[in-house]
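One structure is given below, encoded as structure tokens.
Taken together, the values in this text are just the output of simple stated rules run on the coordinates, not laboratory data. Since we're looking at a predicted model, the values are computed, not measured. Cβ coordinates were reconstructed from backbone atoms using ideal geometry, including for glycine residues, and neighbour counts include every protein chain displayed.
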């Protein structure tokens, strides 16, 4: 029996990584500056197109550079080891710990809103701890658990959508037709800043590239895994946000994290809504699990390549990167206990978007350097597909720096620290080598 993750599990990992924190929280933040249903739906469509363009491009990179590690592997081999190291540093510091923390915090927020005696922070921390223990046990248990939780997640979302659409007690008078002033909003700063929340919600479309070494026939199956996973999530996101807006007044959700719970209470009444909110909180278990499964694989590869992070490559008897899993979990626990939800979201969203920006641009460098393998998958719609991703992402990053400079500059600082660590790592390695060569 193969010990590799099969195609279904890989798609489940992509879907589970994507569907979670963002779609069940970010609408409340978007409503602060945007009140048009058409513009809000366009946000999610534009974000979906961006994610799909990125996924199609990553499929080519993964098919030609098949190794676990995602952006760390791609950037280090296409550009320079320093670029790969910085990407790895981002993964070590915030790349996975922050999304895990956010998903766990959302789980805690939903659960505590339904069950009054539950402490949201404690619930978030306990969820991370339990799933960490599970993913340190065995690959079989890890993969099967992920597939089961993701299946439950998809079924619950479909049930939620059908129930709201057919049985909602309170339907809002919304319309998808654009109104006067929408064009100005679509091209303005509020749309660009809101797009960072949406792009964060779509984060995870690249999840399968983190486990390439453990994916069955990666060069053949990766394009389908990334494409299918992303398309499924786009459809779900458009349905969910439309139904949130259909079920509850915008003012009731504005600035709130638990928009799914609010929509459920308006749609079904307080008691039934609380039950639905409990079900929505259960969806986030799959998200935290998927990121705890995929993220440590990146750290493991970094540990194999750099002495300064050698401890991250330690595995247990089952071959699982136990040190990396524990490291990611500990960082996530620290964020849960010390930071606010919105600050983590904008900051980590900026850093992750910068990371994927350079990675997608790498497809042009890959082809220019002649690194493409004969017969390997080539990006559908090239060069327009990667260009669409690059332009939309760059537009968002510029507006973040203008409108949220604290988070944007903090993200650039994280990148600068990564470059400094690369220099120190190289210097340490050179000194160690000189000592070994000295008679």
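Which ordering of 339, 91, 113 is given by a fewest-first count of other beta-carbon atoms within 10 Å?
Listing 339, 91, 113 from fewest to most nearby Cβ atoms yields 339, 113, 91.
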Of (1) 81, 45, 43; (2) 90, 58, 48; (3) 89, 70, 45, which is the value of Cα extents along the principal axes in Å derived from the coordinates here? (1)
Would you order 415, 322, 11 from fewest to most other beta-carbon atoms within 10 Å of each residue's own beta-carbon? 415, 322, 11
Taking Cα pairs closer than 8 Å and at least 6 residues apart, the relative contact order of the chain in percent is 33 percent
Stretched fully, the stretch from residue 378 through residue 419 gains (0.36 nm per residue minus C-alpha distance, one decimal, in nm) 11.6 nm
Subtracting the Cα-Cα distance of residue 340 and residue 409 from 0.36 nm times their residue separation yields 23.1 nm
Value at 222 nm in deg cm²/dmol, rounded to 500, when DSSP H runs of n ≥ 4 in the chain each add -39,500 (n - 2.57): -25000 deg cm²/dmol
Quickly work out the residue 367-to-residue 428 label distance, labels modelled 7 Å from Cα along the C-beta direction, and quote it in nm with one decimal. 4.0 nm
For a Förster distance of 45 Å, can you work out the FRET efficiency between the beta-carbons of residue 394 and residue 169, rounded to the nearest 0.05? 0.55
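Taking the number of other C-beta atoms within 10 Å as the exposure measure, put 200, 137, 79 in order starting with the fewest.
So the residues, fewest neighbours to most, are 137, 79, 200.
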Given points 7 Å out from each Cα along the Cα-Cβ axis, report the residue 387 to residue 311 separation in nanometres with one decimal. 4.8 nm
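For a test of the definition: using alpha carbon positions, the gyration tensor, and the 1.5 limit on a/c, classify region 65-134 as rounded, prolate or oblate.
prolate
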